[in-house]
Amino acid sequence: MAKISGLGWTTLSVDLSDGTTATDIRNDVTSFEFATPRGVQEVTGVDKSAFERLLLLADFSITMKGVFNASLSHTVFRTVSSTSVARTTSLAIASQTLANECLYTDYSIERSDEGELTWESPGVLSDGTVPLWA
Amino acid sequence: MGRPLFRVEPKMPAQHMQTFKVTAPISTHRRPATCEEVDCAHQRDGWKMIIDQSTDLGRQQAYYIKELSGRHYKATRLEDGRFELIFTAGQKCFAQHTVSLEREANYLVKRGDYRLPGGTVRRHTRAEDWVEEFSEHQDKLKTIIEKG
């Protein structure tokens with residue numbers, strides 16, 4: 001039975017290296033962000049052809065940060081350097097879900113002066129479609 | 001700071017991007033926890049460490065474990081001169097675990113992306129509002145892409 005939370009942020013799961021087994025790593029994640037194109041006007045200004053404009057509009061990236069956990073998030077990201085697989089990344093907030101296919105490009109682990117062991121993993125959308133909330 | 005992350009460079013300049021971000025910082029959203037609380041495998045099953053006393057780190061580890069830690073272990077000298085320490089189950093491991101305080105996260109909308117730090121434009125107090133803004137934005141992009 002999954003834990004039910006009254007909080008807005010209820011799920012954050014990323015596939016293992018097989019690209020299919022979703023693993024909920026919400027408990028380890030301290031920050032999660034999506035960078036998207038800001039709007040249409042700017043995009044039109046920086047390039048000429050419609051095709052290129054569409055490519056730019058699909059320019060999304062993702063960054064996750066969290067607390068190192070050998071039995072949860074590490075099982076997901078430890079294979080980032082050895083596999084290139086699109087991993088479904090699902091976010092559930094306020095009963096809405098956002099699911100994307102992402103390619104993660106790094107998994108950096110750092111120990112701070114205070115002794116905290118944290119990680120950071122950036123990725124990009126792998127299929128070029130705009131992720132939509134459902 | 002650690003090494004720079006390996007990222008795929010975005011095609012658009014930072015000022016033409018915006019970021020939707022959720023944060024739950026360690027300092028405000030997590031607290032230290034015991035091995036029991038996180039079901040620590042080292043405590044449950046015991047664990048093994050290999051220590052190389054020919055290095056400064058190894059000597060410091062050995063001193064700490066022997067004189068200060070109070071943990072029970074069995075030491076075996078390996079063929080290459082290093083020591084293998086086997087710690088019995090049921091002891092507190094050496095990691096500092098933390099658990100989430102289950103506090104509501106911060107829901108932010110920022111200018112730019114990772115290349116343009118700072119610049120929070122809006123801070124939503126309700127997750128619903130953040131999702132709505134994000135969702136409307138995505139819809140707008142999708143409509144344009146479909147128009148071609």
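The values are calculated or read from the model by the stated rules, or taken from the named source; none is laboratory data. Everything numeric in this text was worked out from a predicted model, so none of it was measured. Cβ sites come from the backbone with ideal geometry, for glycine too, and all protein chains shown count toward neighbours.
Out of everything in region A:94-119 that is assigned to a loop (DSSP other than H, G, I, E, B) and under 18 Å from B:Glu136 (Cβ atoms), what residue ends up being farthest from the other protein chains (Cβ to nearest Cβ)?
The qualifying residue farthest from the other protein chains (Cβ to nearest Cβ) is A:Ser95.
Those residues that are surrounded by 19 or more Cβ atoms within 10 Å (Cβ to Cβ) and without any contact (Cβ under 8 Å) to a residue 60 or more places away in the chain, I need them from region B:21-43; list them, please.
B:Cys40, B:Gln43, listed by residue number.
Just the residues that are facing chain A (nearest Cβ under 7 Å) and either touching a residue at least 12 places away in the same chain (Cβ under 8 Å) or under 16 Å from the mean Cα position of the chain (by Cα) (or both), please, taken from region B:1-12.
B:Gly2, B:Arg3, B:Leu5, B:Arg7, B:Pro10
Please give the number of the condition B:Gln18 fails out of (1) in the same structural domain as B:Ser135 (by TED's automatic domain parsing); (2) surrounded by fewer than 17 Cβ atoms within 10 Å (Cβ to Cβ).
Condition not satisfied by B:Gln18: (2).
Restricting attention to region B:38-74, which residues are at pLDDT below 90 and either of a type in the set (A, V, I, L, M) or assigned by TED's automatic domain parsing to the domain that holds B:Tyr114 (or both)?
Selection gives B:Val38, B:Ala41.
Within region B:80-93, can one find any residue that is basic (Lys, Arg) and surrounded by fewer than 14 Cβ atoms within 10 Å (Cβ to Cβ)?
Checked against the condition, which is being basic (Lys, Arg) and surrounded by fewer than 14 Cβ atoms within 10 Å (Cβ to Cβ), region B:80-93 yields no hits at all.
Could you list, in sequence order, the residues of region B:37-54 that are within 28 Å of the chain's Cα centre (by Cα) and more than 16 Å from B:His97 (Cβ to Cβ)?
Of all residues in region B:37-54, those within 28 Å of the chain's Cα centre (by Cα) come to B:37-52.
Matches in region B:37-54: B:Gly46, B:Lys48, B:Met49, B:Ile50, B:Ile51, B:Asp52.
Can you tell which of A:Pro122, A:Pro131 is within 8 Å of chain B (Cβ to nearest Cβ), surrounded by 15 or more Cβ atoms within 10 Å (Cβ to Cβ) and part of a strand (DSSP E or B)?
Among A:Pro122, A:Pro131, only A:Pro122 is within 8 Å of chain B (Cβ to nearest Cβ), surrounded by 15 or more Cβ atoms within 10 Å (Cβ to Cβ) and part of a strand (DSSP E or B).
When the residues of region B:85-123 are narrowed to those that are part of a strand (DSSP E or B), under 24 Å from the mean Cα position of the chain (by Cα) and modelled with pLDDT of 90 or more, which ends up farthest from the other protein chains (Cβ to nearest Cβ)?
The extreme case among them is B:Arg123.
If we keep just the residues of region A:75-93 that are crowded, with 18+ Cβ neighbours inside 10 Å and outside any loop (DSSP other than H, G, I, E, B), which is farthest from the chain's Cα centre (by Cα)?
Going through the qualifying residues, I end up with A:Ile93.
Go through (1) touching a residue at least 12 places away in the same chain (Cβ under 8 Å); (2) in contact with a Ser or Thr (Cβ under 9 Å, 6 or more places away or on another chain); (3) facing chain A (nearest Cβ under 10 Å) for B:Gly46 and report which single condition fails.
Status for B:Gly46: all satisfied but (3).
Name the helices (runs of 4 or more DSSP H) wholly inside region B:1-82 in which the number of residues that are β-branched (Val, Ile, Thr) is 1 or more. Don't jump to the end; show me each part of the working.
Details: elements: B:26-29, B:41-45, B:56-63.
The helices (runs of 4 or more DSSP H) meeting that bar are B:26-29.
May I ask you to verify whether B:Pro25 is farther than 30 Å from B:Glu132 by Cα and within 24 Å of the chain's Cα centre (by Cα)? Talk me through it step by step, then tell me what you get.
Working: farther than 30 Å from B:Glu132 by Cα: no; within 24 Å of the chain's Cα centre (by Cα): yes.
Criteria not met by B:Pro25.
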